[in-house]
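J.: Starting off with a structure, shown below.
The values are calculated or read from the model by the stated rules, or taken from the named source; none is laboratory data. Everything quoted here is computed from the prediction, not taken from an experiment. Cβ sites come from the backbone with ideal geometry, for glycine too, and all protein chains shown count toward neighbours. When the accessible area is computed, the model is the full protein with side chains, heavy atoms only, and any ligands, DNA or RNA have been set aside. Shrake-Rupley method; radii C 1.70, N 1.55, O 1.52, S 1.80 Å.
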Amino acid sequence: SLRQLPGNLTVLGNATVNGNALQITPDTRNDPEKFLINQTGRVMYPRAYVLWASNASNTSADGRRVASFSTVFKVNLFRATPSVKGEGFAFLIASDGAAPPPPGSHGGYLGLTNASTDGSAANGFAAVELDTVKQPYDPDDNHVGLDVNGVRSKVAASLTPFGIDLATNNTNDDGSHMVWIEYNGTARHVW
């Protein structure tokens, strides 16, 4: 299912716009025990651009500048119940901005890949994950990671030492976090 939003955003999979917010999985005002199981969604800006070139300069072979970007957004990794939290959230840059989440990409695959395609160069993506469930390859259940073509992060860091709990069950905390991601195309570095 593909839906176009104002501002050229494309909504894919289970994602919707509800309550003046992008809902990556179905709105949790529904029955979460039924509607939040094995769900994934994407909201993409499908306009193509060169993110990096094969040489180290700031222009690509056809003269286009290599892209750099900075984005800030607010995310809430809502817990349907105090004891159960979702797997997390990923900011995704993909070679195909109109592709829906792959089948079977729920859970630890964060809507990015699935058991048969995880780690394949054909995936063509980079993502910053906010991961809230520990898999065998994760440092813990509260970390940020840089993923390239798979969910086994190239670099990951726990957020617990910084006092950040991505999927808090503290009823005095609304669970929202401001996320800042910056990519320098010339240096090929993510912050």
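J.: Report the gain in length on full extension from A121 to W191: 0.36 nm times residue separation, minus Cα-Cα distance, nm rounded to one decimal. Could you put the intermediate results ahead of the total?
T.: Numbers: separation 70, 0.36 × 70 = 25.20 nm, distance 2.28 nm.
Contour length minus the Cα-Cα distance gives 22.9 nm.
J.: Between Q23 and residues 5 or more places away or on another chain, which pairs have amide H atoms under 5 Å apart, with H built 1.01 Å from N, and which residues are they?
T.: T16, V17, N18
J.: Show me 122-131, 150-159 ranked by packing, highest mean number of other Cβ atoms within 10 Å first. Spell out each step's value before the answer.
T.: Values: 122-131: 19.4, 150-159: 16.5.
Descending mean neighbour count gives 122-131, 150-159.
J.: In whole percent, how big is the carbon plus sulfur part of the accessible area of the range 133-191, probe 1.4 Å, protein atoms only? It would help to have the intermediate numbers written out before the result.
T.: Details: 1920 of 3540 Å².
Using a 1.4 Å probe with all protein chains present, the range 133-191 comes out at 54 percent carbon and sulfur.
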